[in-house]
Amino acid sequence: MEFEVGAILTGKITGITKFGAFVTVAPGKSGLVHISEIASTYVSDVRDHLTEGQEVTVKVIGVDKSGRMNLSMKSVAPVSADIISHRSQPKQQEAPPEPSFEDKLKRFMQDSNNKMSGLKSNTDKKGARRRGR
């Protein structure tokens, strides 16, 4: 029995690894749900979300030349309401007020004066050493 991409199936988890879970969808036919396809949130440990023998609904997202199926749980899972509301509301951050031209000029002059005084004191010290020899 061949499954095509996009098919939604029900299966049982038969094995769990660090990188995902194997799901048997028909006798003798199984596929892998990669860790990135388990949930719409970050999954650090597959065992926190799945257990062996658990019934799951998956979607076929790919079939390679060898007939191995790539499955996804997050593409068939309903999206939670807080994720939807979070996505639909744009983040509103208040931009800091733009400083006026006078403020910018004042800041530039202060920085310039500080740099110049640092350079002058540095050259005075070097000149004093040379004259004293």
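Where a number appears in this text, it was derived from the coordinates with a stated rule and is not lab data. As the structure is a prediction and not an experimental result, all values here were calculated from the model.
Name the long-range amide H neighbours of LEU71: under 5 Å, sequence gap of 5 or more, or other chain; modelled H, no Pro or chain starts.
LEU32, VAL33, HIS34, ILE61
Return an integer: the convex hull volume of the alpha-carbon atoms of the range 8-78, in Å³ per residue.
Details: hull volume 5.8 nm³, N = 71.
That works out to 82 Å³ per residue.
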